[in-house]
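Since the structure comes first, as structure tokens, the remarks are kept for the end.
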Amino acid sequence: MTTEMQATVHVIDDDESLRTALARLLGAAGLNVRTYSGAGDFLLNWQAGGAGCILLDVDMPGGPSGPELHNALAQRDDALPVVFLTGHGDISMGVAAIKSGAVDFLTKPVERECLLAAVRAAIAQNCADREAQAKERELQASYQSLSPREKEVFVQVTAGRLNKQIAYDLGTCERTIKAHRAKVMEKFHIHQFVDLIKIATRLNIE
Amino acid sequence: MKQARVNAITPAASVVLWFFILGPSIATADGEAPLEGRFWPVEHWQAIVLIAMVVVQGLLIVALLLKRRLCSEGRNTMAEGRVELLHASRLTVVGQLSASIAHEINQPLGAILSNADAAELMLAKADPDLDEVRLILADIRKDGLRASEVVRQVRTLVQKRKPKFIEFDLQVVAREILQLVAPIAESRGVTILTEFSSEAVHVRGDPVLLRQAMLNLLLNAMDALMDLPESQAKIKFSAALPQPGRVDVVVRDYGNGLPELQRDNLFSAFFTTKEHGLGLGLPIVRSIVEFHGGRIHAENHSDGGALFRFTIPAAYVAGEANHSAGEPV
Ligand SMILES: Nc1ncnc2c1ncn2[C@@H]1O[C@H](COP(=O)(O)OP(=O)(O)O)[C@@H](O)[C@H]1O
Ligand SMILES: [Mg+2]
């Protein structure tokens, strides 16, 4: 499970002095921080895959703007949650940013409590997302490890059919079906039949 | 003061008018009925008259205000009107860009606030890194100065200085500026080539403002020549009368020219490509030139470098050929 300790806040702002100040504050609050002077710097130097969030300046003249970078990143599945920072405090811009999936929209100068709360919420969201994704991947892997017969049994069983009926359909005896069933449960690391049904719904298996 | 007088007239007039409306009904009241009994049956026509009176009063106020305005406008001299104009045009620049100004100021303020917060958190630790805190304090001071510099620049932009309109030789002012920038140019290895005409170039305007305009253009040209070989570090500066009645001031450098993509933004307040630029130089030049009834134009010279040309009307000086030879005076 990922925690705040392993997460990194990526601060992107073209203003060096503000960037440094934000990094100092987040660092003093116990967070890992990396700074970037603009969208280009971020794309070149970001180590994708890690947990964390992005603290993104809205207006960065001479390069892509914050919202432009956000839209480009939103296409990726390893995208990090974004907290916007703006010097304009334009409400409509904030609404648009939130609608496009930003976690928060803060105006400069930003209060310490607001900043830390927004950044921590973004990190928590990212950690939860990552955990759900990991779980999903694990289930997919387990499902793929089933033999064709086991897959067949898994589908039939979770569709509510009796061992006897399945055995008849597949032209084998009930004991074999019971064995397959036990094997499936083992591969998914579960002991209860209800959990198998839950997995079937999560994997979207009819 | 005048406002107060208008306001004083209105209540006085309204008391008289109220008396006029109510007077007859009070006068015709015979002793039998209570006074208010007499008031209400005639409510309708009284209400109508009352509304009419309010309207008349309103019109009266508007008329008084308009009259006052016309009078004072008549009294104003041309020059005074122009001060307002210049002020207004600069305010428009500032008004349109209030968002940018907010940005320019919020940036250092944001840094100051976050630095102070960081220092506070650091000092709360058992073993604070005092060197880091010292660095933070230095940065806070730097950003404080930066914010105040923005405020200072914006104030110069909106300041209501009364321009002094006089007739003068623009070349004299241009030479003064050259003396001013010569030491800077020399230290940066920049040569300024001047092309002045032998005749005087008379204009009517504010020398202080026009000096500021030419200075801003020269400073930009010198910035554009930064880090270029000395053979390239040249500026051409000229003030001439290319046509009767028209004065052209040209500042041309041999630098890398204007960024093509950003041509539209050059004159926008706070547009800058320089690390420590404020982006107020060119908008100020433009507002000064337009205030003098002129125009400014920027282009890249075909042989390289940026060229800024502003054109303002020449002053008509009686008894002197203030334009190309051969023109009738
Ligand atoms: N002579 C020039 N050559 C190239 N670029 C120029 C020149 N003059 C102005 N510029 C461009 O216009 C921008 C705005 O200029 P200005 O308004 O004077 O603000 P600042 O000088 O503070 O940047 C500059 O940052 C620069 O990019
Ligand atoms: Mg400048």
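How much net charge surrounds A:Arg112 when only other residues with a Cβ under 10 Å from its Cβ are counted (Lys, Arg +1; Asp, Glu -1)? Each step should come with its number before you reach the end.
On the way: positive: none; negative: A:Glu111, A:Glu113, B:Asp117, B:Glu120.
In short, -4.
From the C-alpha coordinates alone, can you work out the Kirkwood hydrodynamic radius of the range A:145-202, in Å? Could you put the intermediate results ahead of the total?
On the way: mean 1/r = 0.0887 Å⁻¹.
Every distinct Cα pair counted, the radius reaches 11.3 Å.
Suppose R0 equals 41 Å. What FRET efficiency, 1/(1 + (r/R0)^6) with r the Cβ-Cβ distance, do A:Ile190 and A:Ser100 give to the nearest 0.05? Show your work: numbers first, answer last.
On the way: r = 39 Å, r/R0 = 0.95.
Here the calculated transfer efficiency is 0.60.
Test of understanding: ordering A:Thr86, A:Thr35 by Cβ neighbours within 10 Å, fewest first, what list do you get?
A:Thr35, A:Thr86
Determine, for A:Tyr143, B:Tyr254, the number of other Cβ atoms within 10 Å of each Cβ, and report the residues in order from fewest to most.
By the 10 Å Cβ count, ascending, the order reads A:Tyr143, B:Tyr254.
A 29 angstrom limit on the alpha carbon distance is what I want to check against. Which of B:Lys164/B:Lys234; B:Lys142/B:Lys234; A:Lys99/B:Lys274; B:Lys236/B:Lys274; A:Lys135/B:Lys125 exceed it?
Checking Cα-Cα distances, B:Lys164/B:Lys234; B:Lys142/B:Lys234; A:Lys99/B:Lys274; A:Lys135/B:Lys125 exceed 29 Å.
As a test of the definition: which semi-axes, in Å, follow for chain A when you take the square root of five times each eigenvalue of its alpha carbon gyration tensor? Largest first, please.
Values: eigenvalues 490, 50, 39 Å².
After scaling each eigenvalue by five and taking roots: 49, 16, 14 Å.
Under 12 Å from the 7 Å Cα→Cβ point of A:Ala124, by amide nitrogen: which residues of the range A:1-29?
Under cut-off, by backbone N: A:4.
Can you tell me the FRET efficiency between A:Cys114 and A:Arg34 if r is taken as the Cβ-Cβ distance and R0 is 22 Å, rounded to the nearest 0.05? List each step's numbers first, then the result.
Details: r = 21 Å, r/R0 = 0.97.
It comes out at approximately 0.55.
Kindly give Rg over Rh for the range A:109-206, based on alpha-carbon atoms, with the Kirkwood expression for the hydrodynamic radius. Please report the intermediate quantities before stating the final value.
Details: Rg = 20.2 Å, Rh = 15.7 Å.
With Rg and the Kirkwood Rh in hand, the quotient comes to 1.29.
Can you list the aspartates and glutamates whose alpha carbon sits under 18 Å from that of A:Lys151, skipping same-chain ones fewer than 8 residues off?
Filter leaves A:Glu136, A:Glu138, A:Asp169, A:Glu174, A:Glu186, A:Asp195, A:Glu206.
Where does the charge balance sit around A:Cys53 when Lys and Arg score +1, Asp and Glu -1, over other residues with C-beta under 12 Å from its C-beta? Spell out each step's value before the answer.
Details: positive: A:Arg34, A:Arg120, A:Arg130; negative: A:Glu4, A:Asp104, A:Asp129.
Around A:Cys53, the charge tally is 0.
Considering only DSSP beta bridges where both residues belong to chain A, give the percentage that are antiparallel (nearest 5).
Taking every DSSP beta bridge with both residues in chain A, the antiparallel ones total about 0 percent.
Only the coordinates and a few stated rules stand behind these numbers; no lab work does. Predicted model only: the values in this text are computed from it and were never measured. Because the Cβ atoms are built from the backbone with ideal geometry, glycine has one as well, and the counts that use them run over all protein chains shown.
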